Amino acid sequence: FFDTALRPIITAAAASDRIKATSQRLTVTRRVVERFVPGETQDDVSAAIRRSLGNGLSVTIDHLGEDTTDEAQATQTVDAYLSLLEEMSRMPSPDPKALEVSVKLSALGQMLPRHGRKIAEENVHIICTAAETAGVLVTIDAEDHATVDERLDILRTVRRDFPSLGTVLQAYLRRTEDDCREFAESDVRIRLCKGAYAEPPTVAFTDRAQVDEAYLRCLRILMKGNGYPMVASHDPMMIGAAHELVAEFGRTPDSWEHQMLYGIRTDEQLRLAGDGHRVRVYIPYGREWYGYFVRRLAERPANVAFFLRALADR
Ligand code: FAD
């Protein structure tokens, strides 16, 4: 209860322009952010990718940004991905599926007036074309609930040309079990996460136990189906359930994977990889780290305490 009650409060406070500007200026914020974001530049993220690959992990890279307000900004995001993909194409990796990028439709222009959807879809297409040449997979991240229908529509359309394109389903949304049923029938790559946005109870479960139960129901549907489930959770209960379902449905190691965020439960990431599982670490980079950082604070009050302690020690 404590966790779910705090999420909307932290998210609402963080939306204040003054709090955003002050936190971005503080050196101490940057120190805490470094736990979750390896840096702002392509060089920073390249070093993190090489380290992860060297440790036997797969990666998915997110160029941070979600408040795209004009087309030029969306084009800059696409350019950042193209440059990154070029560099990733030169990274030697023993596993052909080890490299992936994650994209947010809002960063690619989805919210722009009039042609937002069309612009975002074209930008996904451009990134998928370059990713295919580079031997890199692409997954579309999930954002707030109002954007789900359009995102899934874009996925269905772009997959006609790029069948390996995947997306994210958020177990906390009441609709997600039905979405899982639809996608479990095809061979699509689906990342299942609990969900990180502050959503109203009309569309989402807000009680932690209910979210966990929904996650387990969705995971069962995906594991039983024909797709490629990506189990995006640090929760030992979800990790254990994934292993049980893999055994129950006779899935091979190459037909599903674990995913976790950069800086969270790193020892567990390495342990699972050492046991022979494919483990993908989600690595965000870039200057627009604020929204991502706030979601990491909001999903775990202990992180807020950690941040406040760092402020006090300044
Ligand atoms: P929780 O019950 O929240 O956490 C379980 C344990 O993990 C905690 O006890 C703690 O030990 C550790 N932990 C979890 N979060 C933190 C944290 N912030 N700091 C420190 N420790 C922590 N959400 C979206 O809405 N859209 C997306 O596209 C999306 N993509 C994701 C991609 C990946 C690869 C992952 C791993 C998560 C993604 N998420 C996304 C976030 C997700 O929805 C959850 O908010 C987040 O993963 C926490 O849920 P959990 O399943 O780890 O379980």
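With respect to being modelled with pLDDT of 95 or more and closer than 25 Å to Val281 by Cβ, Val211 fits the description.
Summed over segment 59-69, residues that are in contact with a helix residue (DSSP H, G or I) (Cβ under 8 Å, 6 or more places away or on another chain) and among the hydroxyl-bearing types (Ser, Thr, Tyr) total 1.
Looking at Ile49, Ile10, which is the one that is modelled with pLDDT of 90 or more and either surrounded by 15 or more Cβ atoms within 10 Å (Cβ to Cβ) or within 20 Å of the chain's Cα centre (by Cα) (or both)?
Ile49
Out of all the residues in segment 98-113, is one or more modelled with pLDDT under 95, away from the ligand (no atom under 15 Å from the Cβ), surrounded by 15 or more Cβ atoms within 10 Å (Cβ to Cβ) and under 14 Å from Gly286 (Cβ atoms)? So far as segment 98-113 goes, no, none of its residues is modelled with pLDDT under 95, away from the ligand (no atom under 15 Å from the Cβ), surrounded by 15 or more Cβ atoms within 10 Å (Cβ to Cβ) and under 14 Å from Gly286 (Cβ atoms). Looking only at residues in segment 211-234 that are surrounded by 15 or more Cβ atoms within 10 Å (Cβ to Cβ) and part of a loop (DSSP other than H, G, I, E, B), the one that is farthest from the ligand (Cβ to nearest atom) is Gly225.
The conditions of being farther than 23 Å from Ala146 by Cα, basic (Lys, Arg) and surrounded by fewer than 21 Cβ atoms within 10 Å (Cβ to Cβ) are met by Arg251.
All conditions in (1) within 10 Å of the ligand (Cβ to nearest atom); (2) surrounded by fewer than 17 Cβ atoms within 10 Å (Cβ to Cβ); (3) not in a helix (DSSP H, G or I) hold for Met237, with the sole exception of (3).
If you go through segment 250-272, how many residues are in contact (Cβ under 8 Å) with a residue 24 or more places away in the chain and either outside the structural domain of Ala48 (by TED's automatic domain parsing) or within 14 Å of the ligand (Cβ to nearest atom) (or both)?
Taking segment 250-272 as the starting set, the residues that turn out to be in contact (Cβ under 8 Å) with a residue 24 or more places away in the chain are 251, 253-265, 268-270, 272.
Now restrict to residues that are either outside the structural domain of Ala48 (by TED's automatic domain parsing) or within 14 Å of the ligand (Cβ to nearest atom) (or both): 256-265, 268-269, 272.
Final tally of qualifying residues: 13.
Selection within segment 187-210: residues that are outside any loop (DSSP other than H, G, I, E, B) and surrounded by fewer than 20 Cβ atoms within 10 Å (Cβ to Cβ). The member of this set that is farthest from the ligand (Cβ to nearest atom) is Gln210. Within segment 263-292, the set of residues being modelled with pLDDT of 85 or more and part of a helix (DSSP H, G or I) comprises Thr266, Asp267, Glu268, Gln269, Leu270, Arg271, Leu272, Ala273, Gly274, Tyr292. The set of residues in segment 163-175 that are more than 11 Å from the ligand (Cβ to nearest atom), closer than 25 Å to Ile61 by Cβ and out of contact with any Ser or Thr (no Cβ under 8 Å at 6 or more places or on another chain) comprises Pro163, Ser164. Condition first: out of contact with any Lys or Arg (no Cβ under 8 Å at 6 or more places or on another chain), small (Gly, Ala, Ser) and surrounded by 15 or more Cβ atoms within 10 Å (Cβ to Cβ). Can you find one or more residues in segment 66-82 that meet it? Yes, the conditions are met somewhere in segment 66-82.
The values are calculated or read from the model by the stated rules, or taken from the named source; none is laboratory data. Just so it is clear, the structure is predicted and the values come from calculations on it, not from any experiment. No Cβ is skipped: glycine too gets one built from the backbone with ideal geometry, and neighbour counts run over all protein chains shown.
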